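Since the structure comes first, as structure tokens, the remarks are kept for the end.
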Amino acid sequence: MVKNITTNLDIIESLLYFWQASSEGEKVGESYIKSIVEFPDMKYLYNDEFNEESARKVLSSISNRELISNGTKTEMRYWNNNMWMMEDLGFTNLMIKPIKTLHSDKFLEKINKNPKADKYENIEIVFLPGHFDEYYIDGNKLIINFFRVIVDIFDEDKITIGGVDFDDYIEEKLIELIEK
């Protein structure tokens, strides 16, 4: 039986400072950028084409107000996604609001009705600044690409991921997690 579902916003909180400072023209130090790319959960973004050094290079170029030269497709996507966050911090905050106020325990009752719910006692939902993939599942972790959280500009209470209602999406992926 699942007893606890937690939400991990450590990386997004760190990036929120990065986006704010960078949008105001402040230089974010390399040690801070390095601390972001070294978060253990950032490993879900890393592959043959995009690694820790790629993420550092992208964030450093943003902080230095530079374009990326000779970047891979993934590095360019990551650069674009992060720049998008800095264009309108008000909109960024609208994207962050539902994840900060997510009461993930509300999914417990439905999940525990599943016969496979005894697989994990604790589940963690992690929001990452991704590039292409919408989500990942790794053991008891549901990793969601923060950049896929969409807020309707005409109705701030209408939040979706992949065209699906925010809560419904998370519930669906949590069920997938316990059934894996």
Note to self: with every protein chain in place and a 1.4 Å probe, the stretch 25-168 gives an accessible area per residue in Å² of 53 Å²
Normalised by the number of residues in the stretch 17-158, what is the relative contact order in percent for Cα pairs under 8 Å and 6+ residues apart?
20 percent
Roughly how tilted is helix 73-87, in degrees to the nearest 10 and between 0 and 90, from the longest Cα axis of the chain?
90 degrees
With every protein chain kept in place and a 1.4 Å probe, the residues I5, I159 fall, from largest accessible area down, as I159, I5
In the stretch 94-180, the chymotrypsin sites (Phe, Trp or Tyr not before Pro) that fall in loop regions by DSSP, at most 12 other Cβ within 10 Å:
F154
Give the ranking of R65, R56 by solvent-accessible surface, highest area first, calculated with a 1.4 Å probe.
R65, R56
Links that overshoot a 32 Å alpha carbon limit, given the list K3/K73; K100/K180; K34/K116; K73/K116; K27/K100
K3/K73; K34/K116; K73/K116
Using r as the Cβ-Cβ distance of E30 and E121, and R0 as 41 Å, what FRET efficiency do you calculate, to the nearest 0.05?
0.55
For an R0 of 25 angstrom, estimate the FRET efficiency from the Cβ-Cβ distance between E52 and M86 and round to the nearest 0.05.
0.70
Distance between Cα centroids, the stretch 60-97 to the stretch 110-180: provide it in whole Å.
23 Å
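Just the number, please: carbon plus sulfur as a percent of the accessible area of the stretch 1-137, 1.4 Å probe, no ligands or DNA/RNA counted. Write down the numbers at each step before the final one.
Working: 3400 of 7030 Å².
With neighbouring chains kept in place, the figure for the stretch 1-137 is 48 percent.
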Folded to 0 to 90 degrees: helix 166-179 orientation relative to the chain principal axis, Cα:
70 degrees
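The values are calculated or read from the model by the stated rules, or taken from the named source; none is laboratory data. These numbers come from a predicted model, not from an experiment. Virtual Cβ from ideal backbone geometry, glycine too; neighbours counted across all protein chains shown. Accessible surface areas use protein heavy atoms only, side chains included; no ligands, DNA or RNA. Shrake-Rupley method; radii C 1.70, N 1.55, O 1.52, S 1.80 Å.
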